[in-house]
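As structure tokens, the structure follows; a few thoughts come after it.
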Amino acid sequence: MTDFLTPQMTVIALALLAFLAVGGLVYAIFFNRVRGSSNAEKRRAAIAERSGDGARVVAAADSAARRRRSVQESLKEMEAKEKSKASQRKSPPLSLRIQQAGLTWSKSTFWLFGAGAGAVFFALGLYLGAPLLACAGFAVAGVLGFPYWFVNFRRKRRFKKFIAEFPNSVDVIVRGVKAGLPLNDCLRIIGAESQEPVRTEFRMIAERQTMGLTTSEAINGLTDRVPLPEANFFAIAITIQQQAGGNLSEALGNLSKVLRERAKMRGKIKAMSTEAKASAWIIGSLPIVVMFLVYMTNPEYIMLLFTEQVGNIILLASAFWMSIGVFVMKRMINFEI
């Protein structure tokens, strides 16, 4: 033991203890500064990371705001266009009305058809033994009234067929887009395989695209040929997607659901108003049926209305008031959605 504690080992041990003491003192003095610097570095790193996240959040918010402004501007433009076209859709010109009816007539063909109808009406009046003035009135009704009625009848029937088939066509686009097909190919498929009149309308859209029009411009022409809310919804959805982007299949899928719900609502309204329509038909036809039955049982009694001047005035007044009543009943039971 005395050999181990030599003077040299004692000096080394004292030096080592002094070094540890000085090191501990230095560490104790500068510990807070070292820890503060480390914490500062960590805070700076955290702030930098939060700044990056904040920048990404701000960029995403700016992108969403720009897209929202783009959609709003697109909607404003389409609203302005719709207002300008509203009057034209309520009373379209004759050529457009003929096109909406699915006819290929020109204006000259339309008036030739009216002349033929007027001649038929005039001959029918002569065959029934009506006075010449009444036959002339029949001819005027045939020339001016029957062609417009025929075109409007064909137009309404075509619109009903379009509404019935259009949701299926929108579903074709949704499935095609989800499968990876371009929108133009989906439109061509509908133009080739859908039912009329949707097939003709979408074929015209594809032809307009071939001529150089954009997809939105070609589809906007659909609202002129088929002025229905369903076609307008479709054009708005396509236009917004083309200008602002977005999930086209989701938008058109929602549109298809809306169209089918509108069809269901239209069917419910038709079912609920059937009783009122039947009552209106019975009330409107009752005076004519009673007059015919009285003529069959006692012709001299009812013919006074046709042979006497006072009877003619009574017939005209009755027809006038009956027309007003029928018009009021029609407005009361005619629901549009």
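We did not get these values from a lab; they are worked out from the coordinates using the rules stated. Keep in mind it's a predicted model, so treat the numbers as computed, not measured. Using ideal geometry, Cβ is built from the backbone for each residue, glycine included, and neighbour counts are taken over all protein chains shown.
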What would the Debye formula give as log10 I(q)/I(0) at q = 0.15 Å⁻¹ for the alpha-carbon point model of region 92-246, no solvent?
-0.81
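Want the number for Ala317 to Arg266: 0.36 nm per residue separation, take away the alpha-carbon distance, what's left?
14.7 nm
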What number, in percent, do you get for the relative contact order of region 92-246 if the mean sequence gap of Cα pairs under 8 Å and at least 6 apart is divided by its residue count?
17 percent
Added length on full extension, which subtracts the Cα-Cα distance from 0.36 nm per residue, Thr210 to Ser108:
33.6 nm
With r defined as the distance between the Cβ atoms of Glu308 and Leu124 and R0 fixed at 25 Å, what FRET efficiency is calculated, to the nearest 0.05?
0.45
Exceeding the 30 Å Cα-Cα cut-off - candidates Lys156/Lys264; Lys160/Lys330; Lys107/Lys268; Lys107/Lys264; Lys264/Lys330; Lys161/Lys257:
Lys107/Lys268; Lys107/Lys264
Report the calculated FRET efficiency for Asn298 and Val326 (r = Cβ-Cβ distance, R0 = 25 Å), to the nearest 0.05.
0.40
Note down the magnitude of the dipole of region 102-242 about its Cα centre, charges +1 on Lys and Arg C-beta and -1 on Asp and Glu C-beta and zero elsewhere, to the nearest 20 debye.
240 debye
Under the rule a/c < 1.5 gives rounded, and otherwise a/b versus b/c splits prolate from oblate, where does region 265-337 land using the Cα gyration tensor?
oblate
Note the full-extension length gain between Ala115 and Lys160 as 0.36 nm times their separation in residues minus their Cα-Cα distance, in nm to one decimal.
13.3 nm
